[in-house]
Amino acid sequence: MEVLQTTSFRKTVKKLHPNQKTDLDNAIKAVMKNPSIGQAKIGDLNGVLVLKFKMVKQQALLAYSFEADKIVLTLLALGSHENFYRDLKIS
C-alpha cells in the first residue's frame, strides 16, 4: 500500500512530540490494516474518512482518503475537533 501525505499534514506532524508521533503511527497502522475504519463524510467532504483516536489522552482526528483501485492511502489532515472540518474544507 502506498501512503501519501499532503503538505499541511506533513507540517502538522513535524510539530508533534515523540510520544504523540507514536500514537499517530499506531492510528495510521490501524487505517492501513482496515481503510474503512474511519467514518465516511458526506457533502463537501465526500470521499474523506475521519478516524477519531487518542493522542496522549486527548482526542485527535485523522482525515484521509483511500483509493481501493490504486491501493493509495492519502493522509489529509490531523488535529483536534476545533475548526477541524472547516479547515479541511478550505484545503
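Tabulated data for the structure shown
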| read-out | value |
| --- | --- |
| Residue among 56, 48, 31 with the largest mean-square fluctuation in a Gaussian network model of the chain, springs linking Cα atoms under 10 Å | 56 |
| Heavy-atom accessible area per residue - the chain, 1.4 Å, Å² | 66 Å² |
| Environment charge of residue 87, counting only residues whose C-beta is closer than 14 Å and scoring Lys/Arg +1, Asp/Glu -1 | +2 |
| Accessible area of residue 23 in the full protein assembly, 1.4 Å probe (Å², nearest 10) | 40 Å² |
| Cα-based shape type of segment 7-48, given that a ≥ b ≥ c are square roots of the gyration tensor eigenvalues and the cut on a/c is 1.5 | oblate |
| Residue 81 versus residue 67: modelled label distance in nm, points set 7 Å from Cα along the beta carbon direction | 3.3 nm |
| Residue 22 - accessible surface, heavy atoms, 1.4 Å probe, Å² rounded to 10 | 80 Å² |
| Taking all pairs of distinct alpha-carbon atoms in the chain, Kirkwood radius in angstrom | 13.3 Å |
| The chain: most fluctuating residue of 27, 60, 68 per GNM, C-alpha cutoff 10 Å | 68 |
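The values are calculated or read from the model by the stated rules, or taken from the named source; none is laboratory data. All of these numbers come straight from a predicted model, not from anything done at the bench. In this analysis, Cβ positions are derived from the backbone assuming ideal geometry, glycine residues included, and neighbour counts consider all displayed protein chains. Calculation scope for accessible area: heavy atoms of the full protein, side chains included, ligands and nucleic acids excluded. Shrake-Rupley method; radii C 1.70, N 1.55, O 1.52, S 1.80 Å.
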